[in-house]
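The values are calculated or read from the model by the stated rules, or taken from the named source; none is laboratory data. Because the structure is a prediction, the values reported are computed rather than measured. Don't worry about glycine lacking a Cβ; one is built from the backbone with ideal geometry, like all the others, and counts go over all protein chains shown. SASA here: full protein model, heavy atoms, side chains in, ligands and nucleic acids out. Shrake-Rupley method; radii C 1.70, N 1.55, O 1.52, S 1.80 Å.
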Amino acid sequence: SVNVTLIFSVEPYRDVMTAYMEGLERAAANGQNLGGIASVASFFVSRVDSEIDKRLDKIGTDEALALRGKAGIANSRLAYAAFEETFQGTRWAQLTAQGAKAQRPLWASTGVKNPDYSDTMYVTELTVADTVNTMPEKTLLSFADHGEVEGDKVTGT
C-alpha cells in the first residue's frame, strides 16, 4: 500500500494514477491478491491557494483579487475529474474483477492559511465520494463545531 504525496497539479496526478494501475497489473501478473493493495494520492490544496493568491495580489486588479482563495478548490475539482476518468473503462474493469481498489484522492493541506477565508472551506467544498481529507486538528474541531456537509460540490464542477 502506498501514499503518493506532494502532488500539486493534474498532469503529475495523472502520471501517479497511471503508475498505480501499471503496478496493479504487474502485481496481478505475478499472482498477487489485488484486494490487499490500497493507495491514496495526496493532492495539496491550501498551498496552491497560498501561491496563487500571492500572484493575484501582485496583479492587484479587482478581477484578480476576486479570484483569491479559488485556485486550490478548482485544482482539486479538476483532479477529481481526472480520478473519475481514470478509474473507469475496460482497463480498470479488468483490475476490479481481480479485486483492485481505486487509488483514492487524498486532500492534503486542508487547513486554511488565510484568516479571511472560512476555516472549513476545504472540507465543505471538497466533500465527495471516494476521497480522504487529512485535515489538521484545528480544522477538524472547527468543522465539528460549525461545519456543514452541503453535499457533493465537486462532481461535474
*asked:* Given the criteria more than 22 Å from the chain's Cα centre (by Cα), at positive phi and at pLDDT 95 or above, does GLY69 qualify?
replied: no
*Output the residues belonging to region 44-58 that are open to solvent by 30 Å² or more (accessible area, probe 1.4 Å) and touching a strand residue (DSSP E or B) at 6+ places or on another chain (Cβ under 9 Å).*
ARG47
*Might you check whether a residue that is over 28 Å from VAL112 (Cβ atoms) and either out of contact with any helix residue (DSSP H, G or I) (no Cβ under 9 Å at 6 or more places or on another chain) or assigned to a loop (DSSP other than H, G, I, E, B) (or both) occurs anywhere in region 37-56?*
yes
_Residue among ALA41, ALA64, ALA19, ALA29 that is open to solvent by 80 Å² or more (accessible area, probe 1.4 Å) and among the small types (Gly, Ala, Ser)_ = ALA29
*Is region 112-125 home to any residue that is surrounded by 12 or more Cβ atoms within 10 Å (Cβ to Cβ), within 30 Å of GLU25 (Cα to Cα) and hydroxyl-bearing (Ser, Thr, Tyr)?*
no
*asked:* Going by what's in this entry, would VAL2 be described as open to solvent by less than 30 Å² (accessible area, probe 1.4 Å) and over 18 Å from ARG91 (Cβ atoms)?
replied: no
*Can you name the condition, by its number, that PRO12 falls short on among (1) under 20 Å from PHE87 (Cβ atoms); (2) open to solvent by less than 50 Å² (accessible area, probe 1.4 Å); (3) not polar (S, T, N, Q)?*
(2)
_Taking the conditions exactly as written (over 30 Å from PHE87 (Cα atoms), among the aliphatic types (A, V, I, L, M), modelled with pLDDT of 95 or more and open to solvent by 50 Å² or more (accessible area, probe 1.4 Å)), does ALA144 satisfy them or not?_
yes
*Here are some conditions: (1) at pLDDT 95 or above; (2) in contact with a helix residue (DSSP H, G or I) (Cβ under 7 Å, 6 or more places away or on another chain). LEU106 meets all but one. Which one does it not meet?*
(2)
*How many residues does region 78-99 hold that are within 22 Å of the chain's Cα centre (by Cα), outside any helix (DSSP H, G or I) and surrounded by fewer than 15 Cβ atoms within 10 Å (Cβ to Cβ)?*
1
*Read through the list (1) exposed (fewer than 15 other Cβ atoms within 10 Å of the Cβ); (2) part of a helix (DSSP H, G or I), then give the number of the only condition that ASN75 fails.*
(1)
*Kindly list the number of the only condition in (1) surrounded by fewer than 18 Cβ atoms within 10 Å (Cβ to Cβ); (2) under 23 Å from THR127 (Cβ atoms) that fails for ALA102.*
(1)
